[in-house]
Amino acid sequence: MTPGARALGSRQGNLFDAVPELLGEAGRSRASEPTAPAVPTREQDGQGDREVRGFTTPESPQSVRARLLNNARQRVLLLALAFIALALVALVQIVWLGLDGAGPSKRLGAGSLKPARAQITDRNGAPLAGAFPTYSLYFYPEAMSESGGSPLVRSPADLARELKSIFPDMDEATVEAQLASGKGGHLRERILPEEANAVFALGEVALQSPVRLVRHYPQGRLGAHVIGRVSDDGDTQYGQFGIEATQNERLSDPDLRAEPLELSIDVRVQGALEDEMGRGMRLANADGAAGVVLDVDTGEVIAMASFPDFNPNRLDQQDVPNTRNRVTFATYELGSVFKPLTVAAAIDAGVVRDLTRSWDASPIKAGGRTFKDYEEKGKSLTIPEALAYSSNTVTMRVAEKLGPERLRGVWLDLGMNRPVDIELVNVGKPIWPKGKWSALKTKVAAYGHGFNVTPLHLANAYAAMVNGGIFRPATLLKAEPGVSEKGTRVFKASTSQKMRQLLRLIAKHGTGRNANAAATGFRVGGKTGSAEKLVDGRYSKTRIVSTFAAAFPMDRPRYVVVVALDEPKITYATPARTAYWNAAPIVGNLIRRAGPMLDVRPHNTRDVDVSDLEHLLKDRS
């Protein structure tokens, strides 16, 4: 062996001996295994590259660690760059969509996911109107066009007879004529699922029951005059009357229709009002009735009902006259319910200062007529007695002292000369005396005659009389908690406080006793009114409007209730036509039922103090 070969062998031996020390046990195991043919490499020795044949120079642990860390950093950097690129793409897309307007709604059909018309709910979220799927009955003669014959298997007469058995109220002759004409169209707008199944069982291909979204009123007749209804003409829905009409733009606005329209109505109180009014109307055999419950501080209408009523889901021709809202549209001479308002105006003006003073209660002759009390209680009465016993003559003399301009001014401040301001289309225009008031006009206006207003006019006025003297128009839209209109001051706060006492006194000892008895513990105050109707230019003795206007609880009035019956009769249940026998009990029963719903609880000791007035009431029986 040459010296060069020995030197090379010696170097190889030394290198192999160093491998276990560099690689540890792993190096030893690898060194003992067979190896692949060596790959020539070059070695840095400080003096130049030296080729070493037969093996690869191993890396140190430090270099391995550095190489792996460098690889990891590169991968993390690549991953971060990928995420940044995705974020930039998303940001550009968002900016583009923002500049493009309602891009997603145009491309993805988001607008079609919204209802065609906003839902209507009560103040607590109970649904009053919304879009619901329903079946309809449609005659589609083209369904059998390929046969070339008649579109019907049966004769039109036989088929109309079959349909009549499914829909008893259907006009058989009209349906037969439409089937015989071969002209397609709706035979019935809305049918029940079981009715659709019965039609399907007939086996007539031309009779179809497509499903479509329609405006539906889940509460039925409840609150129908407030809600109103929409047209059934095609797919375009527009309000015909009620909230559906006045809020038509809001309900159909694409940007707002996803949010329900909240009304001030409480369906629980609404149900109680309609139930008690319907019962009282039947007991008195009245021609109609109107009722409203009003929040005295906000003007929110908690309940509003008018009878006869109607079903907005199916408005028959015979029900069209019943769509008139007697609370806001019908005007009446409401009578003695205005006497407390006259006294309030007199107290406010300083005409009535001393409630212990006796006023002349004898009959009054004026304008060729003699005015007297319904029941004479004596030659003189105090103001508390005049209100408790409903004296016409004392009220007329108070108005005479007050004067026409001041009484008329208060009536104007209470809005008696103009239609009520509320979110309804059909509101009645008051019948208001023109020009200056004569002495006679002033006297009869003092006890609610000589002008016609709606029951809602009266409710607004009573709210101002008991809430501290502030007049606020009524509203059917839910108010924000703690927020109310500023309103207009009509009465002094001290006058309002005095009227609370007087109204409570009337309910405890006067013509409002039946209401107080029906709502024991709820501290009711109010006044009756039984006004003769003007028929052919003369006041009728048998056709009257009986009204009871009340507030509760009188120690801190929160709600006003007005109920009016149109032409009640003498019946076994109501021995007289006057409000004492019919309207007052309705209000009392309602307050007993609705009070707890409105967080007003009966209380045996809490009440407005009337002890300084009770001694003024003498036994006049």
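The values are calculated or read from the model by the stated rules, or taken from the named source; none is laboratory data. Owing to the predicted nature of the structure, the values given are computational and were not obtained by experimental measurement. So basically every Cβ, Gly included, is an ideal-geometry build from the backbone, and we count neighbours across all protein chains shown. Remember, those area values only see protein heavy atoms, side chains included, never the ligands or the DNA or RNA. Shrake-Rupley method; radii C 1.70, N 1.55, O 1.52, S 1.80 Å.
Let me check I have the definition right: for region 561-621, take the eigenvalues of the Cα gyration tensor, multiply each by 5, take square roots. What are those semi-axes in whole Å, largest first?
They are 26, 22, 9 Å, listed largest first.
If you place +1 on the Cβ of every Lys and Arg and -1 on the Cβ of every Asp and Glu, how big does the dipole about the Cα centre of region 452-568 come out, in debye to the nearest 20?
About 460 debye.
So, for the chain, what is the accessible surface per residue at a probe of 1.4 Å, expressed in square angstrom?
51
For the chain, build the charge dipole from Cβ charges (+1 Lys, Arg; -1 Asp, Glu) around the Cα centre, then report which of 535, 165, 119 sits farthest towards its positive end.
535
Quick one: which residues, 5 or more positions from residue 484 or on another chain, have an amide H under 5 Å from its amide H? H modelled 1.01 Å from N in the peptide plane, none for Pro or chain starts.
The list, which skips near neighbours in sequence, is empty: none.
Would you mind checking the radius of gyration and Dmax of region 197-295 based on alpha-carbon positions, in Å?
According to the Cα coordinates of region 197-295, Rg and Dmax are 18.6, 57 Å.
Using only the alpha-carbon atoms of region 222-377, report the extent along each of the three principal axes, biggest first, to the nearest angstrom.
The principal-axis extents, from largest down, are 68, 35, 32 Å.
From the alpha carbon gyration tensor of region 474-621, can you work out the equivalent ellipsoid semi-axes (sqrt of 5 times each eigenvalue) and give them in Å, largest to smallest?
27, 21, 17
Evaluated at 20 °C with a viscosity of 1.002 mPa s, what Stokes-Einstein diffusion coefficient in µm²/s does the chain have when Rh comes from the Kirkwood expression over alpha-carbon pairs?
Translational D for this selection: 69 µm²/s.
To make sure I understand the rule: partners must be lysines, Cα under 24 Å from the Cα of residue 183, and not fewer than 8 residues away in the same chain. Which ones qualify?
Straight-distance partners of residue 183: 164.
Debye calculation, C-alpha points only, no solvent: report log10 I(q)/I(0) for region 534-592 at q = 0.19 Å⁻¹, in the same order as the q values.
Here the Debye-derived log intensity ratios amount to -0.72.
Taking amide H positions as placed in the peptide plane 1.01 Å from N, state which residues far from residue 382 in sequence (5 or more) or on other chains have amide H under 5 Å from it.
Counting only residues 5 or more places away or on other chains, the set is 359.
Using the C-alpha atoms of region 477-537, what convex hull volume per residue, in cubic angstrom, is computed?
It comes to 220 Å³ per residue, whole-number rounded.
Tell me which DSSP H helices of the chain clear both cut-offs, 30 Å or more of axial length from alpha-carbon atoms and a mean Kyte-Doolittle hydropathy of at least -1.0.
Going by DSSP H runs, the hits are 3-32, 61-99.
Within the set 339/379; 365/541; 492/541; 365/429; 372/508; 527/569, which residue pairs have Cα atoms separated by over 28 Å?
492/541; 365/429
Once R0 is set to 41 Å, what does the formula 1/(1 + (r/R0)^6) return for the Cβ-Cβ distance between residue 142 and residue 287, expressed as a FRET efficiency to the nearest 0.05?
Between residue 142 and residue 287 the formula returns 0.25.
Which is farthest toward the positive dipole end of region 505-597 among 507, 520, 570, measuring Cα position about the Cα centre, with Cβ charges +1 (Lys, Arg) and -1 (Asp, Glu)?
With unit charges placed on the Cβ atoms, the residue in question is 520.
Which lysines, if any, have their Cα less than 21 Å from the Cα of residue 478, not counting same-chain residues under 8 positions apart?
List returned: 486.
Treat every Asp and Glu Cβ in region 535-595 as -1 and every Lys and Arg Cβ as +1, leave all other atoms uncharged, and give the resulting dipole magnitude about the Cα centre to the nearest 20 debye.
100
For region 412-520, would you read off the P(r) tail past 21 Å as a percentage of all alpha carbon pairs?
More than 21 Å apart: 51 percent of the Cα pairs in region 412-520.
Longest span of the chain, sites excluded, free of GluC sites (Glu not before Pro) in DSSP loop with at most 16 other C-beta atoms within 10 Å?
Segment 60-374 is the longest.
Normalising by the residue count of the chain, find the relative contact order in percent from Cα pairs under 8 Å and 6+ residues apart.
The normalised contact order for the chain reaches 12 percent.
Treating only the Cβ of Lys, Arg, Asp and Glu as charged (+1, +1, -1, -1), what charge dipole size does region 496-621 show about its Cα centre? Round to the nearest 20 debye.
Result for region 496-621 is approximately 60 debye, rounded to the nearest 20.
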